[in-house]
Amino acid sequence: MKIAFFDAKQYDKPSFDKFSEERNIKIKYFETKLNEDTADLLEGKNYDGVCVFVNDTVNKEVIDRLSEMNVKYIALRCAGYNNVDMKEAAIKNLKVVHVPAYSPYAVAEHAMALLLTSIRRIHKAYIRSRDFNFSLNNLTGFDLHGKTVGILGTGKIGRVFLDICRGFGMKVLCYDKFPDKSIENENVRYTDLNEIFEKCDIISLHCPLTEETYHIIDEISIEKMKKGVVIINTSRGALVDAEALLNGIKMRKIGAACLDVYEEEGDLFFEDKSGHILEDDTLARLISMPNVIVTSHQAFLTEEALENIAETTINNLIELKETGKSVNELCFKKGEASRCKG
Ligand code: NAI
């Protein structure tokens, strides 16, 4: 089997080389992202599949081109699949697989790292002490103990984050399209979005990006929130209307924002843009704020997660080749993409 691996980074290769050699899969690494222009790199090379990540573009045009070149498999090496036109993949009979869980701990722990850094001003203190500035002015934080956190999406990552928050003695309000009432207790309760917006000191996003969740944090929801609320987004950028977030910060409504993802991150995140002029004024303004921390889609990046991603992706491809199916296959049915069942 021959796979074209797009948006390859130096940290991807050791784990993918290890598992692909073991399972006799040939991988050609491309540093470029997959999109309408780069799909042609596969022309005449008889690739069986492509391996893509969160910012590759797998839209109708790309899928049609892949199909013309007899590519059969789209292997996402991530959980989210909002960047794949699943309807077109189904029409063209391309099999799509993903990695549903590689380390929920990696993402949930990063969310908590961002929260603690932000509210205890660690990012400011680090820079000060390197300059031998040992003043404590403007470094006052607040205790997490006793605060209320709102968790949107109580799947694998949301639940690990919930447990971490409980370890800090926080009360938890949850919102999920498919609530699992078994996780409720005297300190953990499901409710609606309005109560979360009105009562929570911290709101952390762990639901997928869908039509329903697009801009779930917008001007209207921010208006309902408590003054000083901290917003954490380690899920997908477009869950948050970045302009509305920036306005909320400027109005002093939002106390802090911790962002591992950003709506327009596609051409920026994962790349070194330090020598360039940043064209995105909203991102530039957000980054300039003292109470905003931005990491560039880094939450997944642990040794454990990279191993799991590579092993699962290679297993998914082997399953597809040997049986035509995979436990991690995605289907498009009744107008929606979801995991295939049976
Ligand atoms: P999951 O599928 O285990 O959980 C998602 C939860 O969201 C489920 O409980 C589901 O019922 C709920 N949900 C679905 N639609 C909803 C809606 N309209 N409103 C409210 N809740 C809804 O997914 P997991 O593994 O917990 O990942 C969550 C998200 O984290 C992924 O979709 C992905 O976008 C993001 N992610 C980010 C990473 C990073 O490096 N920053 C790495 C991995 C995932």
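Overview of values
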read-out	value
Only listed residue being assigned to a helix (DSSP H, G or I) and out of contact with any Pro (no Cβ under 6 Å at 6 or more places or on another chain), chosen from I157, I127, I151	I127
Strands (runs of 3 or more DSSP E) contained in region 237-342 and holding at least 1 residues farther than 25 Å from F161 by Cβ and modelled with pLDDT of 95 or more	329-333
Condition met for R121 (in contact with a Ser or Thr (Cβ under 7 Å, 6 or more places away or on another chain) and either within 14 Å of the ligand (Cβ to nearest atom) or under 28 Å from C200 (Cα atoms) (or both))	no
Criterion: part of a strand (DSSP E or B) and either at pLDDT 95 or above or within 18 Å of F300 (Cα to Cα) (or both) - qualifying residue of A8, A4, A39	A4
Residue within region 20-40 that is β-branched (V, I, T), under 20 Å from D267 (Cβ atoms) and surrounded by 21 or more Cβ atoms within 10 Å (Cβ to Cβ) present	no
Within region 85-115, tally of residues that are farther than 30 Å from V71 by Cα, more than 9 Å from the ligand (Cβ to nearest atom) and in contact (Cβ under 8 Å) with a residue 24 or more places away in the chain	5
Residue that is surrounded by the fewest Cβ atoms within 10 Å (Cβ to Cβ) [pool: residues in region 310-326 that are within 22 Å of Q10 (Cα to Cα) and touching a helix residue (DSSP H, G or I) at 6+ places or on another chain (Cβ under 7 Å)]	E311
Tabulated pairs, region 249-277, first within 30 Å of T140 (Cα to Cα), second assigned to a helix (DSSP H, G or I) and among the charged types (D, E, K, R), C-beta under 9 angstrom, 6+ apart or interchain	I249/R285; K250/R285; K253/E223
Selected residue (only one of L144, L139 is within 19 Å of V292 (Cα to Cα) and surrounded by fewer than 13 Cβ atoms within 10 Å (Cβ to Cβ))	L139
Enumeration of residues in region 139-161 that are within 16 Å of the ligand (Cβ to nearest atom), out of contact with any Leu (no Cβ under 8 Å at 6 or more places or on another chain) and of a type in the set (A, V, I, L, M, F, W, C)	I157, V160, F161
Any hit, region 204-217, residues being touching a residue at least 12 places away in the same chain (Cβ under 8 Å) and away from the ligand (no atom under 16 Å from the Cβ)	no
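The values are calculated or read from the model by the stated rules, or taken from the named source; none is laboratory data. No experiment lies behind these values; they were computed from the predicted model shown. Heads up, the Cβs are rebuilt from the backbone with ideal geometry, glycines too, and the neighbour counts pull from every protein chain shown.
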